[in-house]
1. With axes computed from alpha carbons, what is the tilt in degrees of helix 362-376 against the longest principal axis of the chain, rounded to the nearest 10 within 0 to 90?
2. Would you kindly work out the equivalent ellipsoid of the chain from its C-alpha gyration tensor and give its semi-axes, the square roots of five times the eigenvalues, largest first in whole Å?
3. Among the aspartates and glutamates, select those whose C-alpha is under 12 Å from the C-alpha of K164, and discard any that sit fewer than 8 residues away in the same chain.
4. Given the alpha-carbon gyration tensor of segment 280-344, what are the semi-axes of its equivalent ellipsoid in whole angstrom, ordered largest first, with each equal to the square root of 5 times an eigenvalue?
5. Dividing the alpha-carbon radius of gyration of segment 246-384 by 2.2 N^0.38 Å (N being the number of residues), what value is obtained?
6. Which order, highest average first, do 315-325, 364-374, 178-188, 137-147 follow once you tally other Cβ atoms within 10 Å for each residue and take the mean per peptide?
7. If you count, for each residue, the other Cβ atoms within 10 Å and average over each peptide, how do 74-81, 29-36, 333-340, 247-254 line up from highest to lowest?
8. Calculate the radius of gyration of the Cα atoms of segment 43-91 to one decimal place, then report Dmax, the largest Cα-Cα distance, as a whole number, both in Å.
Amino acid sequence: MFKRFLFINTIVFFLFITGCTQVTPVKSLYANIDSVTHEEATQLWQTPAPLTAPNGLRPCCAFGYDLKVKAFEIPIPFYRIDNVIEASALGNHRYNDSFWLGTVAVLGIGSEKSGLIYSHKGGFLDIAHIRDTADYTYYLFSHIYPKLGQEWTLALSDELAQRKIHFNAFTPPKNELERYTLSAYLAAHLGYRLAVWHEIAQWYGFRSVPGFSEGISAFSPEDLYSNLLGARLSLTLILKGHATSLEQYNQSMQGIIPSALYQLEAQPRQITQQWFDVIDGQWWDSQQRVPDKFLVLMRDYHISDQRYPVLPFEEIASPHFLTLPSAYSGYVLKQLAEFQLWPTKEMENLPHPKTYWSEADFTDLTEKAREIDNKTRPKTTKID
């Protein structure tokens, strides 16, 4: 026990003295969150060498605030999960390519901060989901652009199923700027699909940490809109030349997220908490404890990348419609690559496919989850 305590404290001290808690000021960048984007590269920007895949996903937030917790069905007294964060206190962004980043995030000592923010036009937003899909979009772009038009397969880490992206052979645009833009659009398209699969996998039993269910987070109402926003922000950075290196990408993400939050009318901590209070008993149950699945009562099973945010009934602002491009320069993106989920020996509750699950199966898998949740969700007078 003492050795474990010493090891953890050594890590904390090392991270502290290496400046991981310092926030570096960066230039603010305008986020293009028009409902439909027609952004294109205006020049051939330098691109990074193919990046290492993001190392898992950032620890994301259960829906709600000041959450009570239990472990092995035993309540943990005096411990609460805050979750709420200010748009002005997001810290640095760091591409998630390291085990240590996740460790630092759990310990709460890193300079990158994530949490939940309420916005009038975008509803509740999860900063971890924004960051994760932005990182995956950038990662995919670094691999797609050098091989655009070739037939090849990219293998990713397992999430219940073995994740693969198979790229089809085709004749890419002759114009280099169009090749660059098409690569970025395809990366954003696939980055969002990875996020959709993660929601499905969580519902069917995926666990980042063995023994800790993630069913509480599956299809949480803020998740996929946040993921979509992250893909859009990464797309802008790639096309505008703000992601020519990993270092520049990190700084640019730090500079662009606040712009998007401002346009969506993100609110301060106290107002976010007040909105959680408004929907307590409707969207979440403050009397439940993490990781009880039905601490979250409202779920969004809509998986399209053409989407409105889910807003509380009491919100009077108009929701901001957000989309990803489905085609570019005559190329239909879903015809260029296929996201495949091959069976493994650890599928949990996920049915075994005849060959593999693809994006075409996502709707059926999601509808099954919706039907079961509707039958098993606790009834409340505020919802039902």
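1. 10 degrees
2. Square roots of five times the eigenvalues give 31, 25, 22 Å.
3. E338, E359
4. Details: eigenvalues 225, 94, 6 Å².
They are 34, 22, 6 Å, listed from largest to smallest.
5. On the way: Rg = 19.6 Å, N = 139, 2.2 N^0.38 = 14.3 Å.
Dividing the Cα radius of gyration by 2.2 N^0.38 Å gives 1.36.
6. Descending mean neighbour count gives 178-188, 137-147, 315-325, 364-374.
7. 247-254, 333-340, 29-36, 74-81
8. In Å, with Rg to one decimal and Dmax whole: 18.6, 58.
The values are calculated or read from the model by the stated rules, or taken from the named source; none is laboratory data. Worth saying up front: this structure is predicted, and the values here are computed from it rather than measured. For neighbour counting, all protein chains shown are included, and Cβ atoms are generated from backbone atoms with ideal geometry for every residue, glycine included. SASA here: full protein model, heavy atoms, side chains in, ligands and nucleic acids out. Shrake-Rupley method; radii C 1.70, N 1.55, O 1.52, S 1.80 Å.
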